[in-house]
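Novice: I'd like to ask you about the structure that follows.
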Amino acid sequence: MDGSETVACEADADGVGITLPTVMDNCGNTLTAGTPVVVDAPDPLTCEGTRTYTWTFTDCEGNTADWSYVYTIEYEDFTMPGNESSNVECLADATEPTPPLVDDNCGNALTPTGPVEGGDFDGCKGTKTYTWTYADCEGNEHDWVYTYHIEDTTDPVIVLGEYPETVCETEVPASLTATWTDNCAAGGELTAYPVPVGGDDCSQTYEYTFTAMDDCGNTAQEVVTIIKEWELVDNCETIYGYNADASTCFSDYGFKRWGWTNSISEGESFDLTLYAGAAQCITGKGTPTGTATVTYEDGYITVEYNLMENYVLNEAHVYIGCDPVPSMKNGKGTVAPGQYNFNPDLGGGVQNYTVGPIEATGDLYVIVHGVACEIICECTVSGIIDGDEGGQSFSGAQVLCGDASADAELSATNKKETKAQVASDVKTFPVPFKETVNVEYDFEYTSDVQIEIFNMRGNHLRTYNDKNVTKGSVTSLQVDFALKANQIYILKVTTDRETFVKQIVSSKK
C-alpha cells in the first residue's frame, strides 16, 4: 500500500526517511525501484498542499508497478510576542514604535499591516495605541499592540531675566517680563507688577510674582524682589570746632551765641572736635560730628573738615583773621557765620572738605563753623555724598597779621550789637506747608535778605531776594514752589550780618 504523513511545513516534505517496501516479481525475485518522481499540488507549492513521491518497479519482462508516498502539508498557528507599553508625559512623545519581527511556524518572516492608531486621550491624560496585524499564508492572524499611557505631571519652567536688586532715589520698574517653557505646551511671555510687601524708614520692598500654568493645570511660580531705597538726611544742626588747648568761647567776648574761636601760630597744627548742640560752649551737652584739622605751616594755613560716617557737611564757614572774631564794616565784632571770610559753596553734602591753603603770617585766630546733618538713609547708587569733595583753594587769598593783640576786648558798643543780632528772628509757617511757605523775619537792623532752599542732599532748588528790609519791621514773604510731598527741606536766610538755617517740611498730598 502507498505511504503518507502530514507535516507542518514544506521543508518537512523532503522525502528523507521514507522506507520503500520490498517488491518481488512472480518468481520471487526482489525488484529495485528507480528515481522517484515528485509532484506538488498545487504547483508551485507556496503554502498548504501535497507533495507526492512515486517510485516505479519493473520486472525483467517489462511489467511495472508504482508505489507512492504522499506528504500532506498543514500549517500550524504561529507564535506572537507579547504586547508592549510605556509611560510618557506628552502626546508628542507617543511616537510610532518599531513593530517586532515575527515568523510563521515554518520560519518565514511575516510582514505586518498597519499601524492603526487608536486610544483615548483628553489632552492631558489617556492612551494612544499603535496596532499591527500579522497573518501567515494559511490565514492564521494575530495583532500586536503598543500602548502609550499619557499623563502630563511636569510643572512649567519660568526663565527670569536680569533685574536690579535695588533702586536708589527712583521708582521701581512698573512691570517686569519673563518667559516660560513647558514639556508639552508652547510656553510664552509673562508680565508681573510690583506689590509692596514691607519696608522701613529707608526702603520699600516690592515683590513681582510670575505664575505660569500649562493646559493640564501644572503650575510654576517665581518671585522677584526689588528694594526701593532713598536718601534721607535729617537733624541738621550748627557745628563749631573745639580744642581744649586752643579754643575760647564766644561768651568770653560778650556774645550770647555759642561757639569757639581758636588761636594758632606759625608751625602749629591741631584737631578740633566738631560739636553740634553744645549750648553755652558746654561740650558735654553737644554731639561730636567729626573733626577739623587746622594746619599752619610754611606760611599757609588750611582747615580740613572730616565728618563721621553718619554725618554730612551741608555748609562750611571759616574765619581766619588777626582778631578773635571778624569785624563788620562799622568795625564792630560779629560771630555771625555769614560774615566769615571763607564761605565756600560745597555743591551738596560732603564728608571731607578742605579750605585752603591760604597764605598767612603772624599769630591768627580760626573759627570753624558748619551745618552738619545726620545721614538717616543712604543708598550708594546716587549717593548722599554728591558735593565737592575736592575742597576749595581760595587762590590768592591772604591773611597777614602783625603784632596786633590776639585777645583784644570788644567794646560795649560791640556787645550791644551782638545782643541785637541774637534778638533777630526768622519763622516759617505753616508746618507742614503745601506748595506755599511763609517766611517771616524780624531784624534789629536794615539789610537785604536772600532766601535759599535746598533739599536734604544739599542740592540748590530756589533763591528769593528781599531788598532793603527795614530795621525793626516784621516782614512776611510767601515763597511758592511745588516740591515732593512729605519731604524735609533746608531753608537758608542770609542777611548782611547773619545766616539762619531752618528745616521746613512739605505736607502729605
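Novice: Of the conditions (1) among the polar types (S, T, N, Q); (2) closer than 23 Å to Ala185 by Cα; (3) assigned to a strand (DSSP E or B), Thr72 satisfies every one except a single condition; which number is it?
Specialist: (2)
Here's the yes/no breakdown for (1) among the hydroxyl-bearing types (Ser, Thr, Tyr); (2) within 20 Å of Val399 (Cα to Cα); (3) surrounded by fewer than 21 Cβ atoms within 10 Å (Cβ to Cβ):
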site: Thr291; (1), (2), (3): yes, no, yes
site: Met308; (1), (2), (3): no, no, yes
site: Gly331; (1), (2), (3): no, yes, yes
site: Val335; (1), (2), (3): no, yes, no
site: Asn343; (1), (2), (3): no, yes, yes
site: Gly349; (1), (2), (3): no, no, no
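Novice: Among the residues of the stretch 292-333, write down those that are in a strand (DSSP E or B), under 26 Å from Tyr445 (Cβ atoms) and acidic (Asp, Glu).
Specialist: The answer is Glu315, and nothing else.
Novice: Counting just the residues of the stretch 1-59 that are part of a strand (DSSP E or B) and among the charged types (D, E, K, R), which one comes out surrounded by the fewest Cβ atoms within 10 Å (Cβ to Cβ)?
Specialist: Glu5
Novice: Return a yes/no flag: does the stretch 66-81 have any residue that is at pLDDT 95 or above, under 60 Å from the mean Cα position of the chain (by Cα) and either over 15 Å from Ala13 (Cβ atoms) or of a type in the set (Val, Ile, Thr) (or both).
Specialist: Within the stretch 66-81, one or more residues are at pLDDT 95 or above, under 60 Å from the mean Cα position of the chain (by Cα) and either over 15 Å from Ala13 (Cβ atoms) or of a type in the set (Val, Ile, Thr) (or both).
Novice: Separate question: Are any residues in the stretch 160-180 in a loop (DSSP other than H, G, I, E, B) and either of a type in the set (D, E, K, R) or more than 21 Å from Ala212 (Cα to Cα) (or both), and if so, which ones?
Specialist: Across the stretch 160-180, the qualifying residues are Glu162, Pro164, Glu165, Glu169, Thr170, Glu171, Val172.
Novice: Across the stretch 258-271, which residue is nearest to the chain's Cα centre (by Cα) among those that are assigned to a loop (DSSP other than H, G, I, E, B) and surrounded by fewer than 18 Cβ atoms within 10 Å (Cβ to Cβ)?
Specialist: Here the residue is Glu268.
Novice: Report yes if some residue within the stretch 231-240 is of a type in the set (Phe, Trp, Tyr), assigned by TED's automatic domain parsing to the domain that holds Ile282 and on the phi < 0 side of the Ramachandran plot; otherwise report no.
Specialist: Looking through the stretch 231-240, at least one residue is of a type in the set (Phe, Trp, Tyr), assigned by TED's automatic domain parsing to the domain that holds Ile282 and on the phi < 0 side of the Ramachandran plot.
Novice: Out of contact with any Cys (no Cβ under 9 Å at 6 or more places or on another chain), surrounded by 17 or more Cβ atoms within 10 Å (Cβ to Cβ), free of Cβ contacts under 8 Å to residues at least 60 places away in the same chain and outside any loop (DSSP other than H, G, I, E, B), is that true of Pro99?
Specialist: no
Novice: Any idea which residue in the stretch 181-211 is surrounded by the fewest Cβ atoms within 10 Å (Cβ to Cβ), counting only those that are within 21 Å of Asp122 (Cα to Cα) and among the hydrophobic types (A, V, I, L, M, F, W, C)?
Specialist: In this case the residue turns out to be Ala186.
Novice: Return the total of residues in the stretch 184-199 being closer than 16 Å to Glu171 by Cα, in a strand (DSSP E or B), at pLDDT 95 or above and not β-branched (Val, Ile, Thr).
Specialist: Residues in the stretch 184-199 being closer than 16 Å to Glu171 by Cα, in a strand (DSSP E or B), at pLDDT 95 or above and not β-branched (Val, Ile, Thr): 2 in total.
Novice: A follow-up question, please. Go over the candidates Leu483, Leu410 one by one and state the one that is modelled with pLDDT under 70, assigned by TED's automatic domain parsing to the domain that holds His317 and part of a loop (DSSP other than H, G, I, E, B).
Specialist: Leu410 is the lone residue from the list that is modelled with pLDDT under 70, assigned by TED's automatic domain parsing to the domain that holds His317 and part of a loop (DSSP other than H, G, I, E, B).
Novice: Here is a follow-up. If the requirement is being without any contact (Cβ under 8 Å) to a residue 40 or more places away in the chain and either of a type outside the set (Phe, Trp, Tyr) or loosely packed, with under 14 Cβ neighbours inside 10 Å (or both), which of these qualifies: Asp93, Asp120, Asp77?
Specialist: That would be Asp120, the only listed residue that is without any contact (Cβ under 8 Å) to a residue 40 or more places away in the chain and either of a type outside the set (Phe, Trp, Tyr) or loosely packed, with under 14 Cβ neighbours inside 10 Å (or both).
Novice: Pick from Val312, Val335, Val294, Val318: which is out of contact with any Leu (no Cβ under 9 Å at 6 or more places or on another chain) and at pLDDT 95 or above?
Specialist: Val318
Novice: For the stretch 103-127, give me the residue count where each residue is out of contact with any Ser or Thr (no Cβ under 8 Å at 6 or more places or on another chain) and more than 20 Å from Gly217 (Cβ to Cβ).
Specialist: Going through the stretch 103-127 one residue at a time, the tally reaches 8.
Novice: Considering only the stretch 338-361, state which residues are in contact (Cβ under 8 Å) with a residue 60 or more places away in the chain, over 18 Å from Thr291 (Cα atoms) and of a type outside the set (A, V, I, L, M).
Specialist: Residues satisfying the conditions are Gly338, Gln339, Gly347, Gly348, Glu359, Thr361.
The values are calculated or read from the model by the stated rules, or taken from the named source; none is laboratory data. All values derive from a computational prediction rather than experimental measurement. Reconstructed Cβ throughout: ideal geometry from the backbone, glycine too, with neighbour counts over all protein chains shown.
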